[in-house]
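Written out below as structure tokens is the structure these notes cover.
The values are calculated or read from the model by the stated rules, or taken from the named source; none is laboratory data. Model, not experiment: these values are computed from the prediction. Reconstructed Cβ throughout: ideal geometry from the backbone, glycine too, with neighbour counts over all protein chains shown.
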Amino acid sequence: MTTSPIRFGTSGWRAVIADEFTFANVRLAVAAIADHVRSRSQTPTVIVGHDTRFLSEEFARTAAEILRARGVEVLLCDAAAPTPAIAYEILRRRCDGAINFTASHNPAEYHGVKFSGADGGPALPEVTRDIEARIAGLLAHPPEPPASHATSDFERISPREPYLTRLAELVKFDAIRKARLKIVCDPLHGCGAGYLDRALTDHRIPATAIRTDRDVLFDGAGPDVSEANLAPLRTAVLERKAHVGLATDGDADRFGILDDDGFWVSPNHILALLYDYLVETRGWRLPAARSVATTHLLDAVARHHGVTCYQTPVGFKYVGELIQQDKIALGGEESAGLSIRGHVPEKDGILAGLLVAEMIATRRAPLREQLTDLFQRVCAEFWPLRTNLHLPDEVKARTVERLKESFPEYLGHRVAQTDRTDGLKLVFDDGSWILLRLSGTEPLLRLYTEAATAAAAAQLAEQTREWIFAAAKGRHR
């Protein structure tokens, strides 16, 4: 029996172009999605969008043809569009979902499919399991290539203007304008171009934008908002003496922030700062939500405001459910994703950047100064670190087996709590912690650590890396 190469991870299906991400496999995935939405509605309507990657338009066109052939009405985006803008358009038009061709922050050789349901959020596991089962059923008789590539009869839509209008309801642009902030925007050749910068200039806020052109190789580095990838933004911030640098990844669902001195501010710290700011300025005395891999500083801020913090598995779909239920003021993941109360149940890097600009304008202080103040108010410091481990298959397999064991003590630390929400998380009696889990979007073992100092977090990471390789060779922990 032929096994399908299509597996939906924490944020859709991603694979290398021309390897597993082929037109044949795209037709399979889209046909299964079409059959899924038809099982829930007799006359479904699905938005089809795409990012700026290689072959994005062609994959989107193929999807539109397959959907129409299987009885689904199609609304085809007229240009590359951010994931959060498509999510908002699902809700605004009351569609049955969206298929978005994007590999988000992954390297240029990857492409991907994100399927969002009628609620605007990423598909939940029960939905992706149904789609995968339908793919398996289609393998014996896969859908044929469409007879025609004519797309003039598809209804074309642009989610830009409605989305920008919605941002004006969520962000206090007048505060940014009055503070006369100098802002540099960097969409990393992705979908944020014409959205983040437009949101500012539409409100008469001067903004310099770099890397707005399409480059399917993304400068050879990929559209990830990592510290290393934002070197051009750092140069621009320093040259223009800007107050902040705002970046978005390939599909603009993730954010990257540089302070006025070019310092890359950890997404974990941005989440905590924004949560504290929103509680204070919006009056939302509600819990926060974070993934199991995200900083416990959010918990400390929640306690400071007399509320709690939800923990979820990795994957914004779980945070999005709490947004939909209006249970939280802000939900976020350490991988630079957030959304807020009343907004889409999907990551929004554009909104995140704008809220950071508003926070700087209102508090009249650089981000690092604000972070120091926050540490003082919660009476503790939190320094998180993520390390990506590219392991040989045998080491990875051995590590996965070892993680099933019990750990009353680990590398000289007394384990106060063992958490298997997603991978293995060990919380130590001093509040520091480690988490080991397989990535849902890349062939990596992710290692997360957090401690009271950056040096201590780095030491925990190095000790754990050494433990992994020692364990693989059969040595005792």
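Which of the residues belonging to the range 371-420 are of a type outside the set (A, V, I, L, M), surrounded by 12 or more Cβ atoms within 10 Å (Cβ to Cβ), assigned to a helix (DSSP H, G or I) and modelled with pLDDT under 90?
The answer is Lys396, Arg398, Thr399, Arg402.
Taking the stated definitions as given, is Asp19 without any contact (Cβ under 8 Å) to a residue 12 or more places away in the chain and either more than 22 Å from Pro159 (Cα to Cα) or in a loop (DSSP other than H, G, I, E, B) (or both)?
yes
Of the residues that make up the range 101-110, is at least one more than 28 Å from Ile210 (Cβ to Cβ) and charged (D, E, K, R)?
Scanning the range 101-110 turns up no residue that is more than 28 Å from Ile210 (Cβ to Cβ) and charged (D, E, K, R).
Could you tell me whether Pro143 is surrounded by fewer than 24 Cβ atoms within 10 Å (Cβ to Cβ), within 18 Å of Val48 (Cβ to Cβ) and in contact with a Lys or Arg (Cβ under 7 Å, 6 or more places away or on another chain)? Walk me through it before giving the result.
Working: surrounded by fewer than 24 Cβ atoms within 10 Å (Cβ to Cβ): yes; within 18 Å of Val48 (Cβ to Cβ): yes; in contact with a Lys or Arg (Cβ under 7 Å, 6 or more places away or on another chain): yes.
Yes; evaluated as a whole, the condition is true for this residue.
Could you tell me which of the residues Ala63, Ala24, Ala87, Ala29 is in a helix (DSSP H, G or I), outside the structural domain of Ile350 (by TED's automatic domain parsing), of a type in the set (Gly, Ala, Ser) and surrounded by fewer than 24 Cβ atoms within 10 Å (Cβ to Cβ)?
Ala24
Anything in the range 2-37 that is at positive phi and more than 20 Å from the chain's Cα centre (by Cα)? List them, or say none. Give the derivation first.
First pass over the range 2-37, keeping only residues at positive phi: 12, 18.
Residue satisfying the conditions is Ala18 alone.
So which residues in the range 365-390 are within 21 Å of Gly9 (Cα to Cα), touching a residue at least 60 places away in the same chain (Cβ under 8 Å) and of a type in the set (S, T, N, Q)? I'd like the intermediate steps shown before the answer.
As a first pass, look at the range 365-390 and keep what is within 21 Å of Gly9 (Cα to Cα): 386-390.
Remaining after also requiring touching a residue at least 60 places away in the same chain (Cβ under 8 Å): 386-387, 389.
Once the filter is applied, which keeps residues that are within 21 Å of Gly9 (Cα to Cα), touching a residue at least 60 places away in the same chain (Cβ under 8 Å) and of a type in the set (S, T, N, Q), the range 365-390 yields only Thr387.
Would you check if there is a residue in the range 68-84 being in a helix (DSSP H, G or I) and surrounded by fewer than 20 Cβ atoms within 10 Å (Cβ to Cβ)? Please lay out each step first, then the result.
Keep residues of the range 68-84 that are in a helix (DSSP H, G or I), which gives 68-69, 83-84.
Right, trim to surrounded by fewer than 20 Cβ atoms within 10 Å (Cβ to Cβ) and you get 68-69.
Looking for residues that are in a helix (DSSP H, G or I) and surrounded by fewer than 20 Cβ atoms within 10 Å (Cβ to Cβ), one finds at least one in the range 68-84, hence yes.
Let me confirm something: among Arg14, Arg53, Arg40, which residue is under 20 Å from Phe316 (Cβ atoms) and either outside the structural domain of Asp130 (by TED's automatic domain parsing) or not in a helix (DSSP H, G or I) (or both)? First the steps, then the outcome.
Numbers: Arg53 fails: under 20 Å from Phe316 (Cβ atoms); Arg40 fails: under 20 Å from Phe316 (Cβ atoms).
Matching residue, one of Arg14, Arg53, Arg40: Arg14.
Condition (residue is more than 22 Å from the chain's Cα centre (by Cα) and among the hydroxyl-bearing types (Ser, Thr, Tyr)) applied to the range 159-170: is it met by at least one residue?
yes
Take the range 391-448 and flag every residue that is more than 29 Å from Gly12 (Cβ to Cβ) and among the aromatic types (Phe, Trp, Tyr).
Phe407, Tyr410, Phe428
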